[in-house]
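Peer 1: Before I ask anything, let me first share the structure, which is written out below as structure tokens.
The values are calculated or read from the model by the stated rules, or taken from the named source; none is laboratory data. Just so it is clear, the structure is predicted and the values come from calculations on it, not from any experiment. No Cβ is skipped: glycine too gets one built from the backbone with ideal geometry, and neighbour counts run over all protein chains shown. Keep in mind that these areas ignore ligands, DNA and RNA; they rest on the heavy atoms of the full protein, side chains included. Shrake-Rupley method; radii C 1.70, N 1.55, O 1.52, S 1.80 Å.
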Amino acid sequence: MIEAGVGTPIEFQHGLAALRLSGSPVRQLAAEVEGIRRLAAAQGLVAATPVIRAIDSALARGECGPLLQGLVSILEDALAQRGAGDSGSVYAAACSVRLAG
């Protein structure tokens with residue numbers, strides 16, 4: 001697997017870039033999130049699961065600004081996570097803090 005400079009697998013770069021575009025319709029953003037979810041599941045990147053759920057929740061509430069961008073940054077870190085352990089709970093906590101404001 002080829003990886004991008006910061007450790008996020010390159011397969012995710014298109015979807016992450018689309019999530020960073022401001023003004024994209026929520027439906028398009030949700031489709032990109034679903035694509036990322038499928039790739040992450042196929043690659044066993046379980047740390048990304050709680051972050052993807054948080055992004056889904058934010059999109060359902062109509063969030064498309066700084067909150068979404070913060071969650072996308074957390075998602076990039078989660079997708080780069082390769083170590084064993086319960087890192088998913090760390091990312092879930094980070095998302096909870098971000099969502100709570």
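Peer 1: If you take the alpha carbon radius of gyration of the chain and divide it by 2.2 N^0.38 Å, what ratio comes out, to two decimals?
Peer 2: Its radius of gyration relative to the 2.2 N^0.38 Å reference: 0.98.
Peer 1: Filter the chain for me: DSSP H helices, axial length by Cα at least 15 angstrom, mean Kyte-Doolittle hydropathy not below 0.5. List them by residue number.
Peer 2: 49-60, 66-80, 87-100
Peer 1: Now a separate question. Not counting ligands, DNA or RNA, and with a 1.4 Å probe, what is V72's accessible surface area in Å² rounded to the nearest 10?
Peer 2: Surface accessible to solvent at V72 totals approximately 0 Å².
Peer 1: Can you pull the percent of the chain's accessible area that's carbon plus sulfur, 1.4 Å probe, other chains left in place?
Peer 2: That share works out to 58 percent.
Peer 1: Also, I was wondering about something else. Suppose every K and R has +1 on its Cβ and every D and E has -1 on its Cβ; what is the size of the dipole of the chain about the Cα centre, in Debye to the nearest 20?
Peer 2: For the chain, the charge dipole is close to 200 debye.
Peer 1: Still on this model: Can you tell me the relative contact order of the chain? Whole percent, Cα pairs under 8 Å, sequence separation 6 or more.
Peer 2: 30 percent
Peer 1: When Lys and Arg each count +1 and Asp and Glu each count -1, what net charge do the other residues less than 15 Å away from R20, Cβ to Cβ, add up to?
Peer 2: Combined, the nearby Lys, Arg, Asp and Glu give -4.
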